[in-house]
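First comes the structure, then the notes that go with it.
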Number of protein chains: 2
Amino acid sequence: MNRQQLIEQIKQKKSFLCVGLDTDIDLIPGFLLEYADPVFEFNKRIIDATHDLCVAYKPNSAFYESRGIAGWQSLIHTSQHIPETCLGLIDAKRGDIGNTSTMYAKAFFDEKSSGMSFDAITVAPYMGIDSVKPFLEFEGKWVVLLALTSNEGSENFQFINTGDQRLFETVIDTANDWAGNDRIMYVVGATRSEEFISIRKHAPDHFLLVPGVGAQGGSLQDVARYGLTKDCGLLVNSSRSIIYASKGEDFAERAREEALKLQQEMCVLMEEHNII
Amino acid sequence: MNRQQLIEQIKQKKSFLCVGLDTDIDLIPGFLLEYADPVFEFNKRIIDATHDLCVAYKPNSAFYESRGIAGWQSLIHTSQHIPETCLGLIDAKRGDIGNTSTMYAKAFFDEKSSGMSFDAITVAPYMGIDSVKPFLEFEGKWVVLLALTSNEGSENFQFINTGDQRLFETVIDTANDWAGNDRIMYVVGATRSEEFISIRKHAPDHFLLVPGVGAQGGSLQDVARYGLTKDCGLLVNSSRSIIYASKGEDFAERAREEALKLQQEMCVLMEEHNII
């Protein structure tokens with residue numbers, strides 16, 4: 001899904017919601033455990049119930065890897081079930097030297113090689129350009145680079161002064177030279193809404209993937225106020241508050257209700273900002 | 001394998017060699033393709049031929065992930081074949097928030113959950129303490145934190161001035177507060193041997209995992225001169241120059257010859273430094 005198609009989906013659905021599939025087999029409704037692939041069965045029903053209300057799905061790779069072969073199988077099934085009207089974004093936070101990054105790109109972008117063909121992947125910046133370029137050699141795919149994350153540990157290094165700015169701003173400035181806003185997005189946590197003004201100076205038109213709304217305490221209103229651009233420019237992720245809205249048989253309907261609430265808030269915000 | 005056991009293995013084998021299992025199915029001898037799991041068959045023969053000459057094996061996770069389910073299966077089989085006399089180190093460069101890091105720890109440390117029980121994992125520092133602590137909650141396991149890597153892109157961020165030192169030095173100083181030298185090692189590329197003097201000021205007793213000798217051009221002599229401590233303190237990795245020494249049926253014997261050359265060099269270096 002390219003930038004233009006993403007913007008079209010956002011305007012059509014009046015939503016910039018990304019649903020995080022941090023699916024933990026210990027937290028899904030018990031009746032699903034009778035299925036051959038319970039985690040996929042859960043994800044499938046979540047996707048079927050919400051795909052008209054969101055523009056992206058973001059499986060968190062760790063939750064699948066923790067279950068070994070069975071988990072990898074759930075991830076493959078899930079990737080294949082994400083509809084074309086939604087961006088498939090694997091949250092894997094990979095980052096390595098060139099030939100290794102090429103292997104990671106095959107793992108998540110090359111269906112013939114691994115069974116998976118996501119549109120985008122989260123990448124860690126510490127090792128620099130070699131960690132990013134090999135992913136961009138896959139036509140039409142996105143790198144979503146960590147800039148300012150929502151966790152407490154982000155203060156250890158991301159806020160370090162690197163001259164006249166902070167490290168996360170230097171990461172954005174540097175990566176802006178590696179590819180355009182049609183190939184790179186940045187991760188910026190919703191818990192850092194006071195920093196969105198600065199982020200938008202460094203990345204005025206880039207899409208930002210924003211985790212941390214909901215369970216982690218970030219405010220959608222604040223993120224939208226400082227983060228929205230004329231093309232929207234935001235993908236706001238919510239995981240637990242949607243997928244675990246209920247632990248009963250009604251989990252998918254309740255997930256839809258939570259997604260609908262966020263979509264309706266997003267619709268109002270986009271209208272206020274004259275995006276739709 | 002704890003620090004004392006690692007030091008004992010090093011002294012007994014007179015070696016601080018880590019063999020990198022960056023096993024690419026397109027580069028292994030053709031006759032292995034007839035086996036059910038060719039990559040594991042390759043790794044098994046490499047391990048069987050070299051385990052008395054090295055103290056660690058380091059599979060590179062990307063090479064396995066790129067092949068989807070089949071690759072994950074090869075990685076599981078390989079992890080189970082690493083003998084107790086060698087550190088099993090998964091080169092996965094993970095790094096995420098707390099609950100996600102716990103899932104990655106389960107993936108690579110918890111055999112019941114994933115089928116794999118490595119002793120150590122490489123971790124990226126960008127997201128800070130949350131990326132490290134959950135791994136250390138697994139008793140006896142190691143985090144091998146990226147500090148100064150061997151690739152060109154390391155210059156993008158790792159050398160940034162953060163006041164009176166560079167970012168990689170700040171990463172070491174900060175992580176030294178998170179756990180002792182019996183739980184954390186640092187990655188320092190062999191191509192940066194001029195920096196080992198500075199690294200040893202920040203991490204005088206820590207084990208350093210040193211990639212980049214051999215194919216990437218780093219010098220074992222230089223690394224040893226500035227990097228060796230009284231307890232050795234180094235794990236020098238070599239991948240391609242050992243595992244791809246021959247592409248014929250003699251690949252395992254040739255791998256042993258290459259490993260033996262390095263072990264013999266390491267033996268001399270340790271004698272010169274009065275370690276053995």
B:GLY20 long-range amide H proximity, modeled H, under 5 Å: B:LYS58, B:SER238, B:SER239
In Å, what Rg and Dmax follow from the Cα atoms of chain B? 17.8, 57
Rounded to whole Hz and in sequence order, give me ³J(HN,Hα) for the range A:29-42 from the Karplus expression 6.51 cos²θ - 1.76 cosθ + 1.60, θ = phi - 60°, writing x for Gly and Pro. x, x, 5, 6, 5, 7, 7, 4, 10, x, 5, 5, 4, 4
Residue-by-residue Karplus 3J(HN,Hα) for the range A:152-159, coefficients 6.51, -1.76, 1.60, Hz, glycine and proline x: 4, x, 4, 6, 4, 10, 5, 9
Report the charge-dipole magnitude of the range A:57-190 in Debye, nearest 20, computed about the Cα centre from +1 at each Lys and Arg Cβ and -1 at each Asp and Glu Cβ. 380
Output the antiparallel fraction of DSSP beta bridges having both residues in chain B, as a percent to the nearest 5. 5
Output the antiparallel fraction of DSSP beta bridges having both residues in the protein assembly as shown, as a percent to the nearest 5. 5
Taking the Cα centre of chain B as origin and charging only Cβ (+1 Lys, Arg; -1 Asp, Glu), how large is the dipole, in debye to the nearest 20? 220
Reachable lysines, given that their alpha-carbon falls under 22 Å from the alpha-carbon of B:LYS230 and they are not under 8 places away in the same chain: B:LYS11, B:LYS13, B:LYS14, B:LYS201
For the range B:208-259 and the range A:243-260, what is the separation of their Cα centres, given in Å? 53
Relative contact order for the range A:102-219, counting Cα pairs under 8 Å that sit 6 or more residues apart, in percent: 21
Could you give the size of the charge dipole of the range B:72-141 about its Cα centre, using +1 on the Cβ of each K and R and -1 on the Cβ of each D and E, expressed in debye and rounded to the nearest 20? 140
Please list A:THR85, B:THR162 in order of solvent-accessible area, largest first, computed with a 1.4 Å probe with all protein chains present. A:THR85, B:THR162
Along the charge dipole of the range B:224-276, which of B:ILE242, B:GLY227, B:LEU269 sits closest to the positive end, that is, farthest toward it, with unit charges on the beta carbon of Lys, Arg, Asp and Glu (+1, +1, -1, -1)? B:GLY227
Can you tell me the relative contact order of the range A:1-111? Whole percent, Cα pairs under 8 Å, sequence separation 6 or more. 29
Quick one: net charge around B:TYR226, please, counting Lys, Arg +1 and Asp, Glu -1 for every other residue with C-beta under 10 Å from its C-beta. -1
With the cut-off at 1.5 for a/c, could you classify the range A:203-271 from its C-alpha gyration tensor as rounded, prolate or oblate? prolate
Running a GNM on chain A with Cα contacts under 10 Å, which residue among A:GLU137, A:GLU152, A:GLU249 ends up with the highest mean-square fluctuation? A:GLU152
When the charge dipole of the range B:41-100 is computed with +1 at the Cβ of Lys and Arg and -1 at the Cβ of Asp and Glu, the Cα pointing farthest to the positive end, of B:GLY98, B:ASN43, B:SER79, is that of B:GLY98
State the Cα centre-to-centre distance between the range A:1-76 and the range B:48-79 in whole Å. 29
Place a label point 7 angstrom from the Cα of B:GLU152 along the Cα-to-Cβ direction, then list the residues of the range A:129-158 whose backbone nitrogen is under 20 Å away. A:129-138
How large is the accessible surface per residue of chain B, computed with a 1.4 Å probe and reported in Å² as a whole number? 35
Work through the residues other than A:LYS106 whose Cβ is under 12 Å from its Cβ and net out their charges, Lys, Arg +1 and Asp, Glu -1. -2
Between the range A:104-175 and the range B:115-170, what's the alpha-carbon centroid distance in Å? 16
Pull up all non-local amide H partners of A:TRP142: gap of 5 or more, or a different chain, and H-to-H distance under 5 Å with H placed in the peptide plane. A:ALA120, A:ILE121
Buried accessible area for the B:A pair, summed, 1.4 Å probe, in Å² rounded to 100? 4700
Pop a pseudo-label 7 angstrom from the Cα along the beta-carbon direction at both B:HIS273 and A:ASP177 and give the gap in nm to one decimal. 3.6
Whole-Hz ³J(HN,Hα) for each residue in the range A:56-64, computed from phi via Karplus 6.51 cos²θ - 1.76 cosθ + 1.60 with θ = phi - 60°, x for glycine and proline: what do you get? 7, 10, 10, x, 8, 3, 4, 5, 8
Sorting B:LYS112, A:LYS44 on solvent-accessible surface, 1.4 Å probe, most exposed first, gives B:LYS112, A:LYS44
Quick one: Kirkwood hydrodynamic radius for the protein assembly as shown, alpha-carbon pairs, angstrom, one decimal? 23.9
B:GLN12 paired with A:ASP52, simple spin-label distance in nm, labels 7 Å along Cα-to-beta-carbon: 6.6
Three-way shape label, the range A:1-146, alpha-carbon gyration tensor, a/c 1.5: oblate
Tell me the Kirkwood hydrodynamic radius of the range A:142-227 in angstroms, computed as one over the mean inverse distance between distinct C-alpha pairs. 12.9
For the range B:1-44, what is the largest minus smallest coordinate of the Cα atoms on each principal axis, given in angstrom and ordered from greatest to least? 41, 16, 14
Quickly work out the A:GLU34-to-B:ILE197 label distance, labels modelled 7 Å from Cα along the C-beta direction, and quote it in nm with one decimal. 7.2
Give the accessible area for B:MET127 in Å² (nearest 10); use a 1.4 Å probe, count only protein heavy atoms, and leave out ligands, DNA and RNA. 10
What does the charge add up to near B:ASN156, with Lys and Arg as +1, Asp and Glu as -1, over the other residues with Cβ less than 13 Å from its Cβ? -3
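The values are calculated or read from the model by the stated rules, or taken from the named source; none is laboratory data. These figures come from a predicted structure and were not determined experimentally. Quick reminder, even Gly has a Cβ in these numbers, built from the backbone with ideal geometry, and neighbours come from all protein chains shown. Calculation scope for accessible area: heavy atoms of the full protein, side chains included, ligands and nucleic acids excluded. Shrake-Rupley method; radii C 1.70, N 1.55, O 1.52, S 1.80 Å.
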